[in-house]
Structures are given as structure tokens and as C-alpha cells.
Amino acid sequence: MSGTTDFGAPTEFGMHHFYVEIPASPREAIVIYEDFGFNGDEAHRETVESRLVLARELWNKIRDDARRDFNARLKNKRQSTGSWTIGKVKLDRFLGRELCVLGWAAEHASPDECLVICQKWLALRPEERWWLYSKTASEAGLDNQSGRGWRKALYCSLSDGTNIKLENKCKPKMKQKKSENQETLSLFDFMDKGDI
């Protein structure tokens, strides 16, 4: 089994993952990249695309909610957790997609709108975030394609409204196993006993 680093990114060389470049200067924008790894390319070229350039002020508003959500899920899978540090922070390819959705929604927001955006993003299930990523990335997924199509729609849908109260996420209830002593009856058992 291979190891992981930062937010669940594979440590193996040439694997598909995302990474966030966080500059040392507190005023410089952060950049989110998607690194496709070698992806079966015959020439063994590594493909990297810049997905988002986000102002540091907006990044500071959304990063903690993303970190808490990602780390809670990594803990559930018994993986080490990550933190946002200066330099390159790697993410699992699915967590990177979710972070792009959050970043794309926040890129044209005011700092006050970021709270609502984060709350609505947290209310989405991971599968919903992945779907939003695939729709957005296919049309306007590069860093120079902001303000159009699905990226504009993400901002409009996640920034609309006021604060929402999120309920604590609970684990799905597991079905209780039938005890060996418990008798299970079918419709035909009732007929055999003469109860019907």
C-alpha cells in the first residue's frame, strides 16, 4: 500500500494529484494546480494545469473550513491529516476537485460572502462537489477563464442568501444484525401455520 502526504496525496512519483502554491508573502495570491502525472503518456510527459489564482484575502476566509472538512474525512479513513503551510501543499485528486469548487465560488466574492459560500459548500456531499467540478472544468476550468459559464454559476448559487445553520454530520445508521435466535418468517410461513 502506498503512503500519502499532506491532504491524502499519493507519495508515489507521477501520480495524479492537486497542489496549492502558497507564497511566503502574505499579500500574494495562491494558485491551485492539477498535476495529471504521467497519465499513460508514451513520452512520459507530466501535464500540469493551473486551475485557479485566488487572492490571499479570500483564501484566508475559506482555507480553514476546507482544512477541517478534509481532515475529518482523512481521519475517518485512518490517514494522516494535512495543514496549509507556505510552499507546495499536495491534495488527493478528489479533495483537489472539491477545493477548486470552493475557490471558484469565492474568486469574485467579497470577504463577507465567503462565510455563506463556505457554509453552502460544506452542505454539499463530496459526490455533488465532484459533479460541479466536472461540469465547471470542462467549460471554464483554467485560471484565465473566470467569470463565465459554470464558474459564474458557482458564485451565484453558493453566495446567494444569508448564513445557513448546518446540522452536525452524523454517520449513517447501520442495520442491526439479526440474532441467531430470532425467528424470521416469510408470508408462506404464516400460511403454513394457519395464521392467514
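The values are calculated or read from the model by the stated rules, or taken from the named source; none is laboratory data. This one's a predicted model, so the numbers in the text were calculated from it and none came from an experiment. Counting neighbours? That spans all protein chains shown, and the Cβs are built from the backbone with ideal geometry, glycine included.
Considering each residue of segment 136-159, count those that are under 19 Å from Phe36 (Cα atoms), more than 16 Å from the chain's Cα centre (by Cα), part of a helix (DSSP H, G or I) and not hydroxyl-bearing (Ser, Thr, Tyr), and give that number.
Counting residues in segment 136-159 that are under 19 Å from Phe36 (Cα atoms), more than 16 Å from the chain's Cα centre (by Cα), part of a helix (DSSP H, G or I) and not hydroxyl-bearing (Ser, Thr, Tyr) gives 2.
Return the only residue of Asp69, Asp65, Asp92 being in contact with a strand residue (DSSP E or B) (Cβ under 9 Å, 6 or more places away or on another chain), over 22 Å from Arg148 (Cα atoms), of a type in the set (Asp, Glu) and surrounded by 15 or more Cβ atoms within 10 Å (Cβ to Cβ).
Of the residues listed, the single one that is in contact with a strand residue (DSSP E or B) (Cβ under 9 Å, 6 or more places away or on another chain), over 22 Å from Arg148 (Cα atoms), of a type in the set (Asp, Glu) and surrounded by 15 or more Cβ atoms within 10 Å (Cβ to Cβ) is Asp92.
Restricting to segment 43-91, and then to whatever is small (Gly, Ala, Ser) and under 16 Å from the mean Cα position of the chain (by Cα), can you tell me which residue is nearest to Cys118 (Cα to Cα)?
Ala66
I'm told Ile32 meets every condition in (1) out of contact with any helix residue (DSSP H, G or I) (no Cβ under 7 Å at 6 or more places or on another chain); (2) crowded, with 20+ Cβ neighbours inside 10 Å except one. Can you identify the failing condition by its number?
(1)
Tell me yes or no: at least one residue of segment 11-29 is part of a loop (DSSP other than H, G, I, E, B), loosely packed, with under 13 Cβ neighbours inside 10 Å, among the aromatic types (Phe, Trp, Tyr) and over 13 Å from the mean Cα position of the chain (by Cα).
yes
Please go through segment 136-149 and pick out each residue that is within 22 Å of Val48 (Cβ to Cβ) and either of a type in the set (D, E, K, R) or surrounded by 12 or more Cβ atoms within 10 Å (Cβ to Cβ) (or both).
Thr136, Ala137, Glu139, Ala140, Gly141, Leu142, Asp143, Gln145, Ser146 - these are the residues of segment 136-149 that are within 22 Å of Val48 (Cβ to Cβ) and either of a type in the set (D, E, K, R) or surrounded by 12 or more Cβ atoms within 10 Å (Cβ to Cβ) (or both).
Could you tell me which of the residues Ala9, Ala24, Ala106 is among the small types (Gly, Ala, Ser) and closer than 27 Å to Ser159 by Cβ? Don't jump to the end; show me each part of the working.
Values: Ala9 fails: closer than 27 Å to Ser159 by Cβ; Ala24 fails: closer than 27 Å to Ser159 by Cβ.
Within the list Ala9, Ala24, Ala106, the selection yields Ala106.
From the list Thr11, Thr4, exactly one residue is among the β-branched types (Val, Ile, Thr) and touching a residue at least 24 places away in the same chain (Cβ under 8 Å). Which is it? Before the answer, list the steps.
Working: Thr11 fails: touching a residue at least 24 places away in the same chain (Cβ under 8 Å).
One residue alone meets the criteria, Thr4.
Counting only residues that are touching a Phe, Trp or Tyr at 6+ places or on another chain (Cβ under 7 Å) and within 19 Å of Leu142 (Cα to Cα), give me the helices (runs of 4 or more DSSP H) lying completely in segment 30-126 with at least 2 of them.
Of the helices (runs of 4 or more DSSP H) lying wholly inside segment 30-126, those with at least 2 residues that are touching a Phe, Trp or Tyr at 6+ places or on another chain (Cβ under 7 Å) and within 19 Å of Leu142 (Cα to Cα) span 93-106.
Taking Tyr133 as meeting all but one of (1) at pLDDT 80 or above; (2) not in a helix (DSSP H, G or I), write down the number of the exception.
The one condition Tyr133 does not meet is (2).
Which number in (1) farther than 22 Å from Ala24 by Cα; (2) at pLDDT 90 or above marks the one condition that Lys77 misses?
(2)
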